[in-house]
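Working notes, beginning with the structure itself.
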Amino acid sequence: MKVGLMADSHDRVPAIAELLDVMLGKGVSLVMHAGDYCSPFSLDPFNDKNVALLGIFGRNDGDPEGLKATAGKGVGMELYESPHSFEVSDQRILIVHDLGEVNRRSIEAHRYVVHGFTHKQETITRGQTILINPGEACGWLTGTCTAAILDLESGEVEIVSL
């Protein structure tokens, strides 16, 4: 199973839609988002494309109730407080906006940790855990809109950029 990873989309709807198109074209069936959508309309591309979403709130999500309501219009869209642990294809995955929110033991208890906050794309292995920051979907700080695709069978991470 291939899972799309996003973070820090910050209301840049055209980039969100384009990144989703790229990921869907590569066989992604679910997207995990590590927060900072910002406004509820940032979820419209997920609804328009019928993309399943598991996500958490970031620090710049000013209308969590509006975001939940917009997510509720879609099929398979769920938003939670950060951090939140999921099990997908028999893999334990922790999604957190800022890694500083969780301790080392929580990180080590998961096969994958998806995070955002820094807007810096990186993939780091710590023991048996792979930490993935897909970078910033918005591209506001770096000039490049990025996301990632995680293959849960092989553990490979592919960076997607616009």
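The values are calculated or read from the model by the stated rules, or taken from the named source; none is laboratory data. All of these numbers come straight from a predicted model, not from anything done at the bench. Here Cβ is always computed from backbone atoms with ideal geometry, including for glycine, and neighbour counts include all displayed protein chains.
From the list Lys49, Lys26, Lys68, the lone residue that is modelled with pLDDT of 95 or more and over 26 Å from Ser161 (Cα atoms) is Lys68. Just for region 109-150: of the residues that are part of a strand (DSSP E or B) and among the polar types (S, T, N, Q), which one is nearest to Arg59 (Cα to Cα)? So the residue we want is Asn133. Listed by position, the strands (runs of 3 or more DSSP E) inside region 3-108 whose residues that are surrounded by fewer than 21 Cβ atoms within 10 Å (Cβ to Cβ) and aromatic (Phe, Trp, Tyr) number at least 1 are 77-80, 84-88.
Of all residues in region 138-162, those being of a type outside the set (S, T, N, Q) and touching a His at 6+ places or on another chain (Cβ under 8 Å) number 3. Taking region 1-11 on its own, how many of its residues are farther than 13 Å from Ile159 by Cα and out of contact with any Gly (no Cβ under 7 Å at 6 or more places or on another chain)? Qualifying residue count for the region: 4. Taking (1) touching a residue at least 40 places away in the same chain (Cβ under 8 Å); (2) touching a His at 6+ places or on another chain (Cβ under 9 Å); (3) not hydrophobic (A, V, I, L, M, F, W, C) in turn, Glu18 satisfies each apart from (2).
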